[in-house]
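What follows is a single structure, written as structure tokens, with notes after it.
Every number here is computed from the coordinates shown, using simple stated rules; none is lab data. Keep in mind that this is a model prediction, so the values were computed, not measured. Every residue, glycine as well, gets a Cβ built from its backbone with ideal geometry; the counts of neighbours run over all protein chains shown.
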């Protein structure tokens, strides 16, 4: 093999490895995790080819940018992969819930339309003698 063939082979290998690394970081690497709390505005199963669960949570809070500290609401758009987690969200309508999520840098059609993928749910119980589950996130996988 001549020198130009070796250089072309090495450059091809570097480009392929770089592309594979980019695809992994963009679509498979969990960039961050967290918990959001609020009321579910809508939650639906949608899609033509890949049916995914998509939802929007309304979070209330104070607007710190305004000197009068008015109340504002923030939207949190999310997707759900797991059928069991989707059922928990559907069954907790009209209650404030906490959603545990993983954020990816890119979206995949079979994973959902959002970078935020919910993998756990905790329902805030009412104060009528029920246990408060605000700190217990259900259905969070232990290993990734």
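Looking at 48, 43, which one is out of contact with any helix residue (DSSP H, G or I) (no Cβ under 7 Å at 6 or more places or on another chain) and at negative phi?
48
Can you pull out the residues in the stretch 89-124 that are part of a helix (DSSP H, G or I) and surrounded by fewer than 19 Cβ atoms within 10 Å (Cβ to Cβ)?
Selection gives 90, 91.
Out of (1) within 17 Å of residue 102 (Cβ to Cβ); (2) surrounded by fewer than 10 Cβ atoms within 10 Å (Cβ to Cβ), what's the single condition that is false for residue 4?
(1)
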